[in-house]
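> This is the structure I want to talk about, given as structure tokens.
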Amino acid sequence: MMKMKTRDLLVGAFLVVLVGGLLALWLAPEGLRPMPRVVVPTLDQSQVDLASLEGRPVLITFWATTCISCVQEIPHLRELHDRYHERGLKVIGVAMAYDPPEQVAEMARRRDINYTVGLDATGEVATAFGDVRLTPTSFLIAPNGRIVYQKVGEMDWQQVERHLSRWL
């Protein structure tokens with residue numbers, strides 16, 4: 001009899017925690033993790049302070065010039081920039097620390113990259129985003145400053161478009 005009550009109490013407690021957790025996720029503001037507050041040095045010798053971008057959607061992708069999938073994503077990123085830039089989207093391609101800046105500049109020129117190219121020479125930006133090591137790794141950030149989509153590997157462009165169509 002006592003074992004049954006203990007087990008019932010444990011099952012009940014588990015269900016309360018489970019339902020509470022699911023309810024918290026459902027009621028949570030869009031996105032669960034805030035965008036890191038970091039400054040991204042750029043290829044054009046300027047900087048982008050990510051905190052200054054709150055209020056608009058941001059797509060950040062970590063890439064490398066030697067990454068085939070990354071290079072294949074460039075036309076999609078250019079198209080997103082062309083389509084949504086004037087409506088507020090900020091696209092930033094952050095080159096990994098091991099990528100020589102002159103190689104990044106050459107790739108940007110050859111591929112006619114029209115969005116912001118960041119240079120993470122120290123690895124600080126990759127660390128701020130959870131110690132990114134694999135490319136491509138992408139983050140879509142809602143206008144409220146929260147990460148709503150994170151992907152290692154090629155992005156699901158339809159999912160990205162669905163988010164953007166709600167915000168822009």
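The values are calculated or read from the model by the stated rules, or taken from the named source; none is laboratory data. Predicted model only: the values in this text are computed from it and were never measured. In this analysis, Cβ positions are derived from the backbone assuming ideal geometry, glycine residues included, and neighbour counts consider all displayed protein chains.
> Return the only residue of D120, D49, D82 being loosely packed, with under 15 Cβ neighbours inside 10 Å and touching a strand residue (DSSP E or B) at 6+ places or on another chain (Cβ under 7 Å). Step through it out loud before you land on a result.
On the way: D120 fails: loosely packed, with under 15 Cβ neighbours inside 10 Å; D82 fails: touching a strand residue (DSSP E or B) at 6+ places or on another chain (Cβ under 7 Å).
Only one candidate passes the filter, namely D49.
> Only residues that are in a loop (DSSP other than H, G, I, E, B), within 20 Å of L80 (Cβ to Cβ) and out of contact with any helix residue (DSSP H, G or I) (no Cβ under 8 Å at 6 or more places or on another chain): list them for region 93-130, please. Let's see the steps before the verdict.
From region 93-130, those in a loop (DSSP other than H, G, I, E, B) are 96-100, 111-115, 120-123, 129-130; that's our starting set.
After this cut, where a residue has to be within 20 Å of L80 (Cβ to Cβ) as well, the list is 111-115, 129.
Matches in region 93-130: F129 only.
> Out of the residues in region 76-89 that are under 18 Å from the mean Cα position of the chain (by Cα) and without any contact (Cβ under 8 Å) to a residue 40 or more places away in the chain, state the one that is nearest to R111 (Cα to Cα). Give the derivation first.
Quick first cut of region 76-89, residues under 18 Å from the mean Cα position of the chain (by Cα) only: 76-81, 84-85, 88-89.
This time we only want the ones that are without any contact (Cβ under 8 Å) to a residue 40 or more places away in the chain, so: 77-79, 81, 85.
Values: L77: 11, R78: 10, E79: 13, H81: 14, H85: 18 Å.
For region 76-89, the residue satisfying everything is R78.
> Report the residue count in region 113-153 for those that are of a type in the set (D, E), under 22 Å from Q103 (Cβ atoms) and under 14 Å from the mean Cα position of the chain (by Cα).
At the first step, the residues of region 113-153 found to be of a type in the set (D, E) are 120, 124, 131.
Filter once more, keeping what is under 22 Å from Q103 (Cβ atoms): 120, 124.
Among the residues that remain, those that are also under 14 Å from the mean Cα position of the chain (by Cα) are: none.
Of the residues in that region, 0 qualify.
> Is it true that R33 is surrounded by 12 or more Cβ atoms within 10 Å (Cβ to Cβ) and either modelled with pLDDT of 95 or more or in contact with a Pro (Cβ under 7 Å, 6 or more places away or on another chain) (or both)? Even if it seems obvious, please write down each step before you answer.
Values: surrounded by 12 or more Cβ atoms within 10 Å (Cβ to Cβ): yes; either modelled with pLDDT of 95 or more or in contact with a Pro (Cβ under 7 Å, 6 or more places away or on another chain) (or both): no.
When the stated conditions are applied, R33 does not pass them.
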